[in-house]
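Encoded as C-alpha cells, the structure appears first; notes follow it.
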Amino acid sequence: IMARLTWHGHACFEYETTEGKILIDPFLSGNPKADIGPENIQEIAAIVVSHGHGDHWGDTVAIAKRTGAIVVAAYELAALAEKEGCRSHGLACGGGHRFDFGHVKLVPAAHGSRTDADPAYSTNPCGIVITAEEKTFYHAGDTALTADLKLLGQLYDFDCACLPIGDNYTMGPEDALKAVQWLQPDLVVPMHYDTFELIAQDAHEWKELVERRTRSKCKVLE
Ligand code: NI
Ligand code: MN
C-alpha cells in the first residue's frame, strides 16, 4: 500500500516499500537528466543493476561503498562489485532470492552484454522483478520487445512496470505499447528517453496512446 517509486532520470529509480529501499540502475554522474548526485542517495538496502552498460552500472560502486548497500546483479557484475570492495549477491538470469528488503528475480532481456567498466565481467543483460509488500514491480532494463515479455505477463500480476521507450538502444514507443498489452501492469512508467537527443520521445503522447489502447494506467514521472 505504501510502495513509492522515485525517478532520477534515464533508467534510475528508487523503489521504496515497507520492507526497504532499493536503488535501481544508478546512473547519476554524467546523466544530464539526473535530479540528484550519487552523494545524495541515503538509506538504501540494495542496489539492483540490470546490465553492465555505463548508463546503468553508473555510480554503483561509489554508492554501495558509502552506504553499505548490497549490490544485487548478474553473477559477473556481482563479482565486479565484490572486486571493487562492495558487498554483493550474484544471481543468474531466471534466478531469484528472498532478501529482507524483498524478493529479487532477474528475467531475460534482449540487449547488449558488455560491462563497460571492465569488459572481463561482461554478462547477459536482464530485467528485474521485485516482489515486496505483496506488490510486484518490473524494471525491464534495456530490452527489445521479445515474446519473453508475453510470458512475464502470464506469470506475474504486475502492479507497476517501468519500460524503455527511447528507441535506438531499446524498445521504441510502438514496441513498448505492445509490451504493455502483453505485460498488463496496473501502472506503466516510461523510462530511457530524452536523456540524449538520440532517444528523444514524447512521453505524454505515449501515455495517451497507452491509455487509449490498453487497460493500464500510465504515469510520466518528472
Ligand atoms: Ni544498455
Ligand atoms: Mn541503457
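What follows draws every value from the coordinates through simple rules; no lab data is involved. Keep in mind it's a predicted model, so treat the numbers as computed, not measured. Ideal geometry is used to build each Cβ from the backbone, glycine not excepted, and the neighbour counts take in all protein chains shown.
At a glance:
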item	result
Shape metrics for the range 87-197, restricted to C-alpha atoms - Rg then Dmax, Å	14.1, 40
Gain in span if fully extended, K65 to R4, counting 0.36 nm per residue against the direct Cα distance	19.5 nm
Straight-distance crosslink candidates among aspartates and glutamates, where the alpha carbon sits under 13 Å from K21 and sequence neighbours closer than 8 are dropped	E43, D100, E133
Relative intensity, log₁₀ I(q)/I(0), of the range 18-148 from a Debye sum that treats every alpha carbon as a point, q = 0.11, 0.18 Å⁻¹	-0.33, -0.95
Backbone N under 19 Å from the E205 label point (7 Å along Cα→Cβ), restricted to the range 166-190	166-180, 189-190
Segment T146-H103, extension gain: residue separation times 0.36 nm, minus the distance between their alpha carbons	13.1 nm
Where only alpha carbons of the range 1-47 are counted, the Rg and the Dmax (Å)	10.5, 34
Relative contact order computed over the chain (Cα-Cα under 8 Å; 6+ residues apart), in percent	14
D118-R215 pseudo-label distance in nm [points 7 Å out on the Cα-to-Cβ vector]	4.8
Order of L209, L183 - criterion: other Cβ atoms within 10 Å of each residue's Cβ, fewest first	L209, L183
DSSP-loop GluC sites (Glu not before Pro) across the range 14-64, with at most 11 other Cβ within 10 angstrom	E43
Whole-Å semi-axes of the range 1-79's equivalent ellipsoid (Cα gyration tensor)	17, 15, 12
Cα gyration tensor shape of the range 42-113, rounded if a/c is under 1.5, else prolate or oblate by comparing a/b with b/c	oblate
Semi-axis lengths, Å, the chain, gyration tensor of Cα atoms, sqrt of 5 times eigenvalues	25, 18, 17
Listed residue pairs exceeding 20 Å between alpha carbons, taken from K178/K217; K33/K217; K83/K105; K105/K207	K33/K217; K83/K105; K105/K207
Length-normalised contact order for the range 1-85 - Cα pairs under 8 Å, 6+ apart - percent	23
